[in-house]
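Novice: Shown below is the structure under consideration.
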Number of protein chains: 2
Amino acid sequence: METQELLLLQNARFYEAFEHADMEAMASVWAHDEHVRCIHPGWAAATGWEAVRAGWEAVFAGGAALRFSLRNVRGRVFDRVGVVFLREEIVFTGDTVRQTVGTETTNVFLFDGGEWRMVLHHASPVVAVDAGDLTYRFN
Amino acid sequence: METQELLLLQNARFYEAFEHADMEAMASVWAHDEHVRCIHPGWAAATGWEAVRAGWEAVFAGGAALRFSLRNVRGRVFDRVGVVFLREEIVFTGDTVRQTVGTETTNVFLFDGGEWRMVLHHASPVVAVDAGDLTYRFN
């Protein structure tokens, strides 16, 4: 397969692990070094694999059922760096709540040892869902 | 100068243009192609230089005085791709409001023609400012 296809496949594996709350699969997607970085919507950044793993464990321990629809997925490959941009639409079902939320997400992977390993997941909440709504809001 | 130093210098120029609401300086920091991407806190993503420029014009037209403090700035260079991670602490002064907000930010630059040009600015609001607060919240 082309590296671009492999990149999008690895990105898909990331969301599969996320939906299934599968820590082992999630760990296999990531690089495990002190530089990797993960930003869940609204959270402070976690840096380094130990902190990133702890964040995933907290997410998965929450027990919410998450179902992702990925929109406008765009992959760009620059030599050994792969960047995937997308909009996540997440149906989030908890004990007492069911809501659909949107994020803008940047995922970065490094091609190393014949495979793409995630080094950044940056997901941020979209307050202004309509792309035409350009009011500058912080919240 | 080393490419790493040039990367951090270009990142600093970006924030200088932002603080001064200087569209010309902001335009000179960015690559101008259909792939560049900009996500202001809470906004939908803008893709392509025309949309990115329109977003900056909307931000600057807002007329708010912004003062940035940058924390935990980390630059990584992968060949011609430069990634800068940081926390923005922004003092935001409008007509009727003054607030300090925090973001987690990922800035990506491409080294092209002897200089780093921005291809991604992804700034997301931090709801849980305390890095120890791992409650998973979307909002």
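Novice: Run residue B:56 past the list (1) surrounded by 15 or more Cβ atoms within 10 Å (Cβ to Cβ); (2) at pLDDT below 90; (3) not in a strand (DSSP E or B) and report the number of the one that doesn't hold.
Specialist: Of everything listed in (1) surrounded by 15 or more Cβ atoms within 10 Å (Cβ to Cβ); (2) at pLDDT below 90; (3) not in a strand (DSSP E or B), residue B:56 misses just condition (2).
Novice: Just checking, does the range A:22-38 include any residue being closer than 20 Å to residue A:125 by Cα, in contact with a Lys or Arg (Cβ under 6 Å, 6 or more places away or on another chain) and either surrounded by fewer than 16 Cβ atoms within 10 Å (Cβ to Cβ) or among the aliphatic types (A, V, I, L, M) (or both)?
Specialist: No.
Novice: Something else now. Quick test of your reading of the structure: residue A:32 fulfils all but one of (1) within 13 Å of chain B (Cβ to nearest Cβ); (2) part of a loop (DSSP other than H, G, I, E, B); (3) at negative phi. Name the failing condition by number.
Specialist: (1)
Novice: While we're on this one: If you scan the range B:90-109, which residues turn out to be touching a helix residue (DSSP H, G or I) at 6+ places or on another chain (Cβ under 9 Å) and of a type in the set (A, V, I, L, M, F, W, C)?
Specialist: Within the range B:90-109, B:109 is the sole residue that qualifies.
Novice: Mind listing whichever residues of the range A:65-75 are open to solvent by less than 40 Å² (accessible area, probe 1.4 Å) and either over 11 Å from residue A:3 (Cβ atoms) or of a type in the set (D, E, K, R) (or both)?
Specialist: Selection gives A:66, A:68.
Novice: Here is a follow-up. When you scan the range B:92-113, do you find a residue that is closer than 30 Å to residue A:73 by Cβ, open to solvent by less than 70 Å² (accessible area, probe 1.4 Å) and at pLDDT below 90, even just one?
Specialist: Yes, that holds for at least one residue.
Novice: Sticking with this structure for a sec: Among the residues of the range B:60-78, count how many are of a type in the set (D, E, K, R) and in contact (Cβ under 8 Å) with a residue 24 or more places away in the chain.
Specialist: Number of matching residues: 1.
Novice: Further, regarding this structure: In the range A:76-91, which residues are crowded, with 16+ Cβ neighbours inside 10 Å, within 11 Å of chain B (Cβ to nearest Cβ) and out of contact with any Phe, Trp or Tyr (no Cβ under 6 Å at 6 or more places or on another chain)?
Specialist: A:76, A:77, A:83, A:85, A:86, A:87
Novice: Please enumerate the residues belonging to the range B:71-86 that are part of a strand (DSSP E or B) and farther than 12 Å from residue B:8 by Cα.
Specialist: B:71, B:72, B:78, B:81, listed by residue number.
The values are calculated or read from the model by the stated rules, or taken from the named source; none is laboratory data. The shown structure was predicted, so the numbers you read here are calculated from the model rather than taken from an experiment. Positions of Cβ are backbone-derived with ideal geometry, glycine not excepted, and every protein chain shown enters the neighbour counts. Surface areas here come from the heavy atoms of the whole protein model, side chains and all, with no ligands, DNA or RNA. Shrake-Rupley method; radii C 1.70, N 1.55, O 1.52, S 1.80 Å.
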